[in-house]
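In what follows, a structure is listed as structure tokens, so that the remarks can point back to it.
A short reminder: the numbers here are calculations on the coordinates, not readings from a lab. Computed from a predicted model, the values in this text were never measured in an experiment. All Cβ positions, glycine included, derive from the backbone under ideal geometry; neighbour counts span all protein chains shown.
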Ligand code: UDP
């Protein structure tokens, strides 16, 4: 079987790390990096640390609005797929690259397999929610990470075959978190305290594109008790600089460049709590046994909230402070599979081709 896999940003590198090498043991894969997240240096770190095959094709299609970006990707992917004629196209998650890869394939009548199918925040203002819903409805194979995701897909009567495989990010976290825990020199190297700090990330359009929300985000981060370390996403840095808020934030918060996966994980496993609007980081915190406070009013990873390890506070500083002061529950059940999701994705793809 020949598979074209389309990835484009940081979390998709992590997800591909669970699948690509395994896939290549049995099948041919062409990895296409759209360049949606265009930091070359960081992409290289991810490829090396996570032992992802180097992408065969790099399209360099970052920048512009979501619509422009998706349109450029579609225009580039259509002839690429016509030339390669793969048996399936594999996409991950909820980015513009996911939708463009899925739609270009579906238009060319090539079966689409979607990893992380069925995730819903039920907030259609999020560009990611539109990408997820649309991709699920054009996919032939929907690889869902949780019972909740399967239930969401059933309710929407998707046309493709639904399989629950677990979460591919769990596979990667289970491999990398022990290594990151052993890296005792990491906090000092990265300019972070040795322990007892809050690790923060923020990049959702809903939090950083609107100036008043951005100001609320800065106030929240500055209002946290004790040290906060913020590896700063390029989008957020640009918005903070444009609003003249970067220096103000830097008075109370240790700001670093975006980190490689091992370095980021080394901070995550040592933090007292995570404060984030990321999807992936909510899960990684749970897996590491680190309480999570999420700066959104919805989440796709509802199970982490249900079991009490994740609290949604939107950008309310008082709620964030209270949640960061609370102790986590004693129990931490397995929510997203056993770390073998990558193998199940490959099996499901083989059956699709068969
Ligand atoms: N991450 C990283 N370096 C950082 C910040 C995050 O390696 O400086 C990783 C993190 O561990 C997670 C992924 O990037 O696996 C999450 O990406 P992001 O928050 O950009 O995307 P989302 O999950 O919200 O789609």
Using alpha carbon centroids, what distance separates the stretch 250-292 and the stretch 81-147, in Å?
27
Rounding to the nearest 10 and keeping the result within 0 to 90°, find how far the Cα-based axis of helix 168-182 lies from the longest principal axis of the chain.
40
Overall form of the stretch 131-242 per C-alpha gyration tensor (a/c, 1.5; a/b vs b/c)
oblate
Rounded to the nearest 5, what % of DSSP beta bridges with both residues in the chain are antiparallel?
0
Just to be sure I understand the model, the point goes 7 Å from the Cα along the line to the Cβ. What's the resulting residue 243 to residue 334 distance in nm?
4.2
Per-residue ellipticity at 222 nm attributable to helices in the chain (runs of n ≥ 4 DSSP H, -39500 (n - 2.57) apiece, nearest 500 deg cm²/dmol) works out to -15000 deg cm²/dmol
Just 25, 284, 151 to compare: in a GNM of the chain, with alpha carbon springs under 10 Å, which one fluctuates most?
25
Checked the stretch 7-142 against the a/c 1.5 cut and the a/b vs b/c comparison, axes a ≥ b ≥ c from its Cα gyration tensor; verdict rounded
Please give the peptides 198-209, 95-106, 76-87 ranked by average Cβ packing (other Cβ atoms within 10 Å per residue), highest first, as a rough proxy for protection.
95-106, 198-209, 76-87
Separation in nanometres of the label points that stand 7 Å from Cα toward Cβ, at residue 256 and residue 184:
1.8
Out of 18, 159, 113, any idea which swings most in a Gaussian network model of the chain, alpha carbons joined below 10 Å?
159
Pairwise centroid distance, computed over Cα atoms, of the stretch 1-29 with the stretch 157-228, Å
23
Grab the Cα-Cα distance for residue 78 and residue 41, subtract it from 0.36 nm times how many residues apart they are, and report the gain in nm with one decimal.
10.5 nm
Applying a 10 Å radius around every beta-carbon, put 57-63, 68-74 in order of their mean neighbour count, most first.
68-74, 57-63
Most to least packed among 43-53, 4-14, 324-334 [average Cβ atoms within 10 Å]
4-14, 43-53, 324-334
Do you know the relative contact order of the stretch 59-137, to the nearest whole percent, from alpha carbon pairs under 8 angstrom that are 6+ apart?
28
Give me the angle, in degrees from 0 to 90, between the Cα long axis of helix 40-49 and the longest principal axis of the Cα atoms of the chain, rounded to the nearest 10.
80
Pairwise label distance in nanometres, residue 350 with residue 225, each label 7 Å out on the Cα-Cβ vector:
5.4
Counting other beta carbons within 10 Å of each Cβ, put 210, 183 in order, fewest first.
210, 183
Would you mind checking the tilt of helix 211-223 against the longest principal axis of the Cα atoms of the chain, expressed as 0 to 90 degrees and rounded to 10?
50
